[in-house]
Amino acid sequence: MNRVRHRMEGVTSLVDNHRHLFSNVSDIVVRVPSQRSHFHLFRAITTTTDGHRHLYFGQTGLSINGTGPFGGGPNHFHRVNVLTQITRNHRHRINGTTTTNRVIRNSRP
């Protein structure tokens, strides 16, 4: 089975005088037929900074620059805007866009 995935990476918002790096790959594709589009689910953990790290998860926005019945053209991408889970009484924002799509050959769901 071939799956389309996107990389998400960057730096979180500044909170309590520190930031974390994040890097993950999108997972499950959810089709939205009424919008002729789709989004992806994801789940990951930030890097450790200041002795702690944060879990983050969520869904991307709908596909941008996508063609086809579910917006899955060769150069589509997605916006990402989520908050990390609270650790040590604070959380960070993860905001940006995914890379354009990449087909992962013979991958499992």
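The values are calculated or read from the model by the stated rules, or taken from the named source; none is laboratory data. The structure presented is a predicted model; accordingly, all values stated were derived computationally and were not measured. All Cβ positions, even for glycine, are placed from backbone atoms using ideal geometry, and neighbour counts span all protein chains on display.
Look at VAL15 and say whether it is farther than 16 Å from ASN89 by Cα, touching a residue at least 12 places away in the same chain (Cβ under 8 Å), out of contact with any helix residue (DSSP H, G or I) (no Cβ under 8 Å at 6 or more places or on another chain) and of a type in the set (A, V, I, L, M, F, W, C). It is false that VAL15 is farther than 16 Å from ASN89 by Cα, touching a residue at least 12 places away in the same chain (Cβ under 8 Å), out of contact with any helix residue (DSSP H, G or I) (no Cβ under 8 Å at 6 or more places or on another chain) and of a type in the set (A, V, I, L, M, F, W, C). Residues in region 54-72 that are at pLDDT 95 or above and surrounded by fewer than 17 Cβ atoms within 10 Å (Cβ to Cβ) were compared, and the one that is farthest from HIS90 (Cα to Cα) is GLY61. Considering region 1-39 alone, what residues qualify as being in a loop (DSSP other than H, G, I, E, B), at negative phi and either among the small types (Gly, Ala, Ser) or in contact with a strand residue (DSSP E or B) (Cβ under 8 Å, 6 or more places away or on another chain) (or both)? Residues satisfying the conditions are ASN2, HIS6, THR12, SER13, ARG19, HIS20, SER26, ASP27, ILE28.
Taken over region 71-96, the criterion of being under 22 Å from ARG36 (Cβ atoms) and touching a residue at least 40 places away in the same chain (Cβ under 8 Å) is satisfied by GLY72, PHE77, HIS78, VAL80.
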